[in-house]
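A.B. asks: Got a structure for you, questions after.
Here, each number is a calculation from the coordinates, and none is a lab measurement. Because the structure is predicted, anything quoted here is derived from the model rather than measured. Note that we place each Cβ from the backbone using ideal geometry, even for glycine, and neighbour counts take in every protein chain shown.
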Ligand code: CP
């Protein structure tokens with residue numbers, strides 16, 4: 001694996017899941033693999049889980065880690081080819097990516113969407129430019145349209161919580177929020193669930209349809225109560241509209257906030273959320289802190305998802321060097 005930006009970079013899903021679960025049993029067993037190798041983590045947006053879990057994963061593999069918060073600690077990046085850089089952008093991404101590659105063996109980058117220019121966001125303009133000018137393998141730490149490390153951790157968590165022969169019913173439900181959020185987590189979760197051994201369904205109000213690339217073949221239900229019927233896992237997440245790009249449409253629908261009564265029609269479903277969560281806006285305290293919540297297990301599994309991916313990439317780097 002020399003790139004990890006979407007599900008399409010996974011060669012063998014079952015092998016990857018087993019790798020991460022094996023690492024979880026003994027996280028330090030491959031501590032010599034990353035000796036004298038450096039992971040660079042480039043953040044253009046804030047992070048708690050992704051930053052700490054990826055750093056810890058690299059340390060568990062014996063790597064050095066360099067972290068840079070672009071815009072705060074470094075120069076703001078220009079991404080337009082041929083730009084006359086007489087404004088506020090001080091460094092071109094092609095120079096920044098080339099320089100970072102000189103110091104690192106592997107680089108992770110977080111770059112959220114603008115939510116104003118759908119074409120640029122869905123072309124992954126910044127991520128793809130960075131990859132183009134980077135001469136070392138790149139891991140997405142969440143891009144404009146996907147969050148693959150999160151989705152991998154989510155799948156690990158579902159795997160750990162399912163011990164029956166039939167496929168679990170996994171529901172992704174839209175939830176209210178006060179701000180327009182990216183579609184990346186929902187897109188990515190849908191992409192991974194479509195390849196997993198689960199029956200996957202999405203429920204959201206009309207107007208919140210995701211890009212069809214992520215949902216073709218997936219059952220979409222506009223009635224949350226119907227979607228919740230017999231669900232084994234309920235993944236709660238807000239996202240803004242794809243069609244009225246980056247908007248909350250037509251107004252924030254607080255009727256979609258879950259409660260215990262609504263969940264009565266599920267199969268005693270486990271509750272999932274990627275965090276951060278705005279408590280009592282997107283999901284209520286009672287469910288976040290309740291006995292069916294596996295939210296902290298998801299965040300714990302971010303570590304083993306990251307370690308599994310970095311290990312695969314290190315092995316490839318060592319084979320080809
Ligand atoms: N879930 C997630 O990616 O969290 P952070 O934004 O804190 O990294």
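A.B. asks: Taking every pair of alpha-carbon atoms in the chain, give the share separated by more than 29 Å as a whole percent.
C.D. replies: In whole percent, the share of Cα-Cα pairs in the chain beyond 29 Å is 37.
A.B. asks: Using only Cα atoms, find the angle between the long axis of helix 13-25 and the longest principal axis of the chain, and express it within 0 to 90 degrees, rounded to the nearest 10.
C.D. replies: That works out to roughly 80 degrees.
A.B. asks: Against the longest alpha carbon principal axis of the chain, how many degrees, from 0 to 90 and to the nearest 10, is the axis of helix 148-160 turned?
C.D. replies: For helix 148-160, the angle is close to 50 degrees.
A.B. asks: Just to confirm my numbers, what's the Cα centroid distance between segment 20-88 and segment 115-171 in Å?
C.D. replies: 16 Å
A.B. asks: Take the chain, connect every pair of alpha-carbon atoms lying under 10 Å apart with a spring to form a Gaussian network, then pick out the residue of 195, 211, 147 with the largest mean-square fluctuation.
C.D. replies: Comparing 195, 211, 147 in a Gaussian network model of the chain, the most mobile one is 195.
A.B. asks: State whether segment 162-293 is rounded, prolate or oblate according to the following rule on the C-alpha gyration tensor (a ≥ b ≥ c being the square roots of its eigenvalues): a/c under 1.5 gives rounded; otherwise a/b larger than b/c gives prolate, and the remaining case gives oblate.
C.D. replies: In terms of gyration-tensor shape, oblate.
A.B. asks: Once R0 is set to 35 Å, what does the formula 1/(1 + (r/R0)^6) return for the Cβ-Cβ distance between residue 197 and residue 72, expressed as a FRET efficiency to the nearest 0.05?
C.D. replies: 0.25
A.B. asks: What length, rounded to one decimal in nm, is gained on full extension from residue 119 through to residue 98, with 0.36 nm per residue of separation minus their alpha-carbon distance?
C.D. replies: Result: 5.0 nm gained on full extension.
A.B. asks: How many nm is it between the label spots at residue 319 and residue 64, if each spot is 7 Å from the Cα in line with the beta carbon?
C.D. replies: Each label point lies 7 Å from its Cα, and together they span 2.7 nm.
A.B. asks: Rounded to whole Å and sorted largest first, what semi-axes of the equivalent ellipsoid does the C-alpha gyration tensor of segment 234-320 yield via the square root of 5 times each eigenvalue?
C.D. replies: 32, 20, 10
A.B. asks: Compute the relative contact order of segment 214-311 as a whole-number percentage, counting only Cα pairs closer than 8 Å that sit 6 or more residues apart in sequence. Display every interim value, and only then the final one.
C.D. replies: Details: 89 pairs, mean separation 27.6, N = 98.
Result for segment 214-311 is 28 percent.
A.B. asks: Could you work out how much longer the chain between residue 89 and residue 160 gets when fully extended? Use 0.36 nm per residue separation minus the Cα distance between them, nm to one decimal.
C.D. replies: Answer, rounded to one decimal: 21.0 nm.
A.B. asks: In percent, what relative contact order does the chain have, based on Cα pairs under 8 Å that are 6 or more apart in sequence? List each step's numbers first, then the result.
C.D. replies: Details: 602 pairs, mean separation 64.2, N = 321.
For the chain, the relative contact order is 20 percent.
A.B. asks: Under 11 Å from a point 7 Å along the Cα-to-Cβ line of residue 286: which residues of segment 238-276 have their amide N that close?
C.D. replies: 258-264
A.B. asks: Kindly express, to the nearest 10 degrees and within the range 0 to 90, the angle between helix 184-193's C-alpha long axis and the longest C-alpha principal axis of the chain.
C.D. replies: That helix lies at roughly 70 degrees to the long axis.
A.B. asks: So, in nm, how far is label residue 128 from label residue 22 when the simple model puts each one 7 Å beyond its Cα toward the Cβ?
C.D. replies: Going by the 7 Å Cα→Cβ label model, 3.6 nm.
A.B. asks: Can you classify segment 2-68 as rounded, prolate or oblate using the Cα gyration tensor, where a ≥ b ≥ c are the square roots of its eigenvalues, rounded means a/c under 1.5, and otherwise it's prolate if a/b beats b/c and oblate if not?
C.D. replies: Oblate is the answer for segment 2-68, as a/c is 1.5 or above yet b/c matches or exceeds a/b.
A.B. asks: Restricting to DSSP H runs of at least four residues, report the calculated mean residue ellipticity at 222 nm for the chain, -39500 (n - 2.57) per run over all residues, nearest 500 deg cm²/dmol.
C.D. replies: Value at 222 nm, helices only, nearest 500: -10500 deg cm²/dmol.
A.B. asks: Whole number please: convex hull volume per residue, Cα atoms of segment 60-199, in Å³.
C.D. replies: 162 Å³
A.B. asks: Calculate, in nm to one decimal, what residue 45 and residue 14 gain on full extension: separation in residues at 0.36 nm each, minus their alpha carbon distance.
C.D. replies: Details: separation 31, 0.36 × 31 = 11.16 nm, distance 3.13 nm.
Answer, rounded to one decimal: 8.0 nm.
A.B. asks: As an exercise, use a Förster radius of 35 Å and the Cβ-Cβ distance of residue 219 and residue 32 to find the FRET efficiency, rounded to the nearest 0.05.
C.D. replies: 0.15
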